[in-house]
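Have a look at the structure below, then the notes.
The values are calculated or read from the model by the stated rules, or taken from the named source; none is laboratory data. Remember, predicted model here, so these are calculated numbers, not experimental data. Methodologically, a virtual Cβ is constructed for each residue, glycine included, from the backbone with ideal geometry; neighbour enumeration extends over all protein chains shown. These area figures cover heavy atoms from the full protein model, side chains too; ligands, DNA and RNA do not enter into them. Shrake-Rupley method; radii C 1.70, N 1.55, O 1.52, S 1.80 Å.
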Amino acid sequence: MYVLQQGFDPSRVVVAGDSAGGHLALSLTHLVQATKTSMYGGLVLLSPVTDMARDSGSRERNRNFDYLAPQPLASPLCVVRLFYAPGRRMSRDLISELSRPLVSPLRGQFTNFPRTLIQFGASEVLADDSTQLHTQMAQSKHPESFVLESYDDMLHVFHVFFDRPESTQALGSIGRFVKDV
């Protein structure tokens, strides 16, 4: 990573991302773990996309509350298929590709992951992505290193609605987490 090549102490680096950026941060962390590169000190994930290979219950349960309108994976209009495999028919091979940890980070190993803060809105369509990620992480050897924060009645990446007290609370929590890394 560039910042490590510049001499920064890896234990003081925090990688963060929201939504698809959270997906990229997770995939990067899996890649760093696989290459045995020095792991950074923290990971902050805001409403991350974690599993491209399946539809979660919250996508249906919260579809009337969130501004995201994801299509089922079986639909050719599904964002995952449009961006990852445009024009490809649904097949076992495609599901297999989508199940790889760098594409669906939920399916990876979390043994050597850095301390992680996951925040999400309880009313967002990707709520299950966050809760299932936390469940997977908590099965590692250091479950206390993974913090999950759910915010009632909040939508996908609610942090951008700065006038909401929940946003202020969540951003304060992120600041405290990063300061402690």
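Just to be sure, is residue 130 among the hydroxyl-bearing types (Ser, Thr, Tyr), touching a His at 6+ places or on another chain (Cβ under 7 Å) and buried (at least 16 other Cβ atoms within 10 Å of the Cβ)?
Details: among the hydroxyl-bearing types (Ser, Thr, Tyr): yes; touching a His at 6+ places or on another chain (Cβ under 7 Å): no; buried (at least 16 other Cβ atoms within 10 Å of the Cβ): yes.
Taking the combined requirement at face value, the residue does not satisfy it.
Looking at the range 14-28, which of the residues that are within 16 Å of residue 170 (Cβ to Cβ) and out of contact with any helix residue (DSSP H, G or I) (no Cβ under 6 Å at 6 or more places or on another chain) is surrounded by the most Cβ atoms within 10 Å (Cβ to Cβ)?
22
Could you check, for the range 128-136, whether at least one of its residues is under 26 Å from residue 179 (Cβ atoms) and touching a Lys or Arg at 6+ places or on another chain (Cβ under 7 Å)?
no
Can you find a residue in the range 109-127 that is out of contact with any Phe, Trp or Tyr (no Cβ under 9 Å at 6 or more places or on another chain), among the hydroxyl-bearing types (Ser, Thr, Tyr), open to solvent by 70 Å² or more (accessible area, probe 1.4 Å) and at pLDDT below 95?
No: the range 109-127 contains no residue that is out of contact with any Phe, Trp or Tyr (no Cβ under 9 Å at 6 or more places or on another chain), among the hydroxyl-bearing types (Ser, Thr, Tyr), open to solvent by 70 Å² or more (accessible area, probe 1.4 Å) and at pLDDT below 95.
Is it fair to say residue 27 is modelled with pLDDT of 90 or more and among the hydroxyl-bearing types (Ser, Thr, Tyr)?
Details: modelled with pLDDT of 90 or more: yes; among the hydroxyl-bearing types (Ser, Thr, Tyr): yes.
Answer is yes for this residue.
Sort out which residues of the range 29-68 are of a type in the set (A, V, I, L, M, F, W, C), touching a residue at least 24 places away in the same chain (Cβ under 8 Å) and open to solvent by 30 Å² or more (accessible area, probe 1.4 Å), and write them in order of number.
Within the range 29-68, 31, 39, 52, 65, 68 meet the criteria.
Quick one: in the range 140-181, of everything that is touching a His at 6+ places or on another chain (Cβ under 9 Å), assigned to a strand (DSSP E or B) and open to solvent by 20 Å² or more (accessible area, probe 1.4 Å), which residue is farthest from residue 61 (Cα to Cα)?
Ranking the qualifying residues of the range 140-181, first place goes to 147.
Going residue by residue through the range 74-97, is there one that turns out to be of a type outside the set (S, T, N, Q), open to solvent by less than 20 Å² (accessible area, probe 1.4 Å) and touching a residue at least 24 places away in the same chain (Cβ under 8 Å)?
no
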